[in-house]
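The values are calculated or read from the model by the stated rules, or taken from the named source; none is laboratory data. Keep in mind that what you see is a predicted model, and the values were worked out from it rather than measured. Quick reminder, even Gly has a Cβ in these numbers, built from the backbone with ideal geometry, and neighbours come from all protein chains shown.
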């Protein structure tokens, strides 16, 4: 094969690859289900009923601040997919947020397909998405310019920062049961500003997922959910469903996604510097890691 033909074939290959990439579906982290005029508590209960009627179990409720409620849900499809994926427990639940903005309540939820790829899960979770859409609606996806499934599976914010496969190891125990007991004990005490919101056991995987509320005083606001969201969730459509943070017990090891991944995967377009940027929460990743580690071990680092 002569050089000219090789160059032509190479050009065709690159062009076809580019077109294929351009045609790939763009995924975004959140889906706006509806905007409802009404009281937050009333819309919350209507939403809860719709979720249960469509086969979801509401495993936890979190009110991170006065104008927001988050319902954490799971179902058999989510747990089955979690069991068949490495560290799949991180994706064993989805989050449904209700945020009062003006006289409207924004009802939104994490995009199961986006999360399945961000967490490198076996199944794309289109069925879970369809059930959430049937229960709640689907106005638009939002939260970022978006990325393809391929890009989400290999995502990190920038060179040198963590991937999904770089979680923080918080503690290791002799058995799964001992690890779960230690986490539950630490969360029940709440000494380090970390308390339990929900728990999901993943059948067949020896994994248990905990959702946690993060509270910080004036000297530890870097780990505080309300402070963090005030810096990063500033657009008209609210990304409240980013919360709550998670701890995963995988076999006998206690893990958490490092915040430079866990926050960035839901806010991938957030600027590095300037107002409402990562520089304003620069100390947050280590503050969260230390608070979670202290909670599950019983002692500060």
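Taking the criterion of being outside any helix (DSSP H, G or I), out of contact with any strand residue (DSSP E or B) (no Cβ under 7 Å at 6 or more places or on another chain) and surrounded by fewer than 22 Cβ atoms within 10 Å (Cβ to Cβ), the residues of the stretch 182-205 that qualify are 190, 191, 203, 204, 205. Within the stretch 99-127, can you find the residues that are out of contact with any strand residue (DSSP E or B) (no Cβ under 8 Å at 6 or more places or on another chain), surrounded by fewer than 22 Cβ atoms within 10 Å (Cβ to Cβ) and part of a loop (DSSP other than H, G, I, E, B)? Across the stretch 99-127, the qualifying residues are 102, 120, 122, 123, 124. For the structure I just gave you, tell me whether residue 296 is more than 19 Å from the chain's Cα centre (by Cα) and buried (at least 20 other Cβ atoms within 10 Å of the Cβ). Yes.
Looking at 273, 229 in this structure, which one is within 17 Å of residue 29 (Cβ to Cβ) and either modelled with pLDDT under 95 or in a helix (DSSP H, G or I) (or both)?
Values: 273 fails: within 17 Å of residue 29 (Cβ to Cβ).
Exactly one residue qualifies, and that residue is 229.
Quick check, is residue 96 in contact with a strand residue (DSSP E or B) (Cβ under 8 Å, 6 or more places away or on another chain), under 19 Å from residue 45 (Cβ atoms) and touching a residue at least 40 places away in the same chain (Cβ under 8 Å)? In short, yes. The single condition among (1) part of a helix (DSSP H, G or I); (2) farther than 24 Å from residue 201 by Cβ; (3) out of contact with any helix residue (DSSP H, G or I) (no Cβ under 7 Å at 6 or more places or on another chain); (4) modelled with pLDDT of 95 or more that residue 14 does not satisfy is (4). Among the conditions (1) at pLDDT 95 or above; (2) over 18 Å from residue 72 (Cβ atoms); (3) assigned to a loop (DSSP other than H, G, I, E, B), residue 151 misses just one, which is (3). Could you check, for the stretch 218-233, whether at least one of its residues is surrounded by fewer than 21 Cβ atoms within 10 Å (Cβ to Cβ) and over 21 Å from residue 277 (Cα atoms)? No: zero hits. When residue 169 is tested against (1) in a loop (DSSP other than H, G, I, E, B); (2) at negative phi; (3) surrounded by fewer than 16 Cβ atoms within 10 Å (Cβ to Cβ), only condition (1) is not met.
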